[in-house]
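The values are calculated or read from the model by the stated rules, or taken from the named source; none is laboratory data. From a predicted model like this one, the values you see are computed outputs, not experimental measurements. Don't worry about glycine lacking a Cβ; one is built from the backbone with ideal geometry, like all the others, and counts go over all protein chains shown.
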Amino acid sequence: MDFSNVVLVSEYIKSYGSFALLLLFALIVVQCHIPVMPFGVVASVCGFIYGFKAGIAVSWISVVMGSIIAFYLYRFLKIDNLAKKILENRRHVPEELIFGFIVVAHNIPIIPIAVPNILASLSRISASRFIIATALGLLIPSISFVAFGSGIESLLLSPNYLTLLFIVIFLVVFYLLKKYSHKILELIHREK
């Protein structure tokens, strides 16, 4: 595909109106339950199609709603009883550690969003703390991936140093989060 046609592809997808929006919402909600497609890909598509501000709104609201649905669904289905049978020697994990894990895990791109949702539903974390941790934990990845997606068009059509700098910073931040996530969790656990 010729990169000058990127705008045409975006406009074509937008021409489906609410259906395109519902499809992106559904993709994000599904990946909160089962990791079908990485969140970063779908959030980048949101940024590409809807631009930075609207893309953040679509991706962040969708992923938080999807995570809340997953949390309540797993609790409703009593996945906890299944886990007890599988993991006979289950220990109680403090709510503060689960809260920190949710925030940090959502910022590590290789961890599917379904993982913190499932682990939170197995824990004793309250729904309100789960929602706060999820909303906080998913804000930075939503902004980052949407910014990347919204910048793809300008990068492909007329690359410049500012866009390249953003991509390098983006990659460095995620590398550092991946490398030091265990230390962040330790610090959060020690403070509580």
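Which ones in the range 91-138 are more than 22 Å from Val36 (Cα to Cα) and not in a helix (DSSP H, G or I)?
Arg91, His92, Val93, Pro94, Ser123, Arg124, Ile125, Ser126
Can you tell me which residues in the range 37-50 are among the small types (Gly, Ala, Ser) and either modelled with pLDDT of 85 or more or outside any helix (DSSP H, G or I) (or both)?
Within the range 37-50, Ala43, Ser44, Gly47 meet the criteria.
Considering only the range 4-31, state which residues are outside any helix (DSSP H, G or I) and of a type outside the set (Phe, Trp, Tyr).
Once the filter is applied, which keeps residues that are outside any helix (DSSP H, G or I) and of a type outside the set (Phe, Trp, Tyr), the range 4-31 yields Ser15, Gly17.
Using beta carbons and a limit of 6 Å, which pairs, at least six apart or on different chains, have the first residue in the range 46-67 and of a type in the set (S, T, N, Q) and the second one part of a helix (DSSP H, G or I)?
Final answer for the pair search is Ser59/Ala43; Ser59/Cys46; Ser59/Ser142; Ser59/Val146; Ser62/Phe25; Ser62/Ile28; Ser67/Asn117; Ser67/Thr134.
Considering only residues that are of a type in the set (Val, Ile, Thr) and farther than 19 Å from Asn107 by Cα, which ones fall in the range 42-63?
Listed by number, the list holds a single entry, Ile49.
Could we say that Ile34 is under 21 Å from Thr134 (Cα atoms), in a helix (DSSP H, G or I) and at pLDDT 70 or above here?
Taking the combined requirement at face value, the residue does not satisfy it.
Anything in the range 56-91 that is more than 30 Å from Phe145 (Cβ to Cβ) and at pLDDT 80 or above? List them, or say none.
Scanning the range 56-91 gives no hits.
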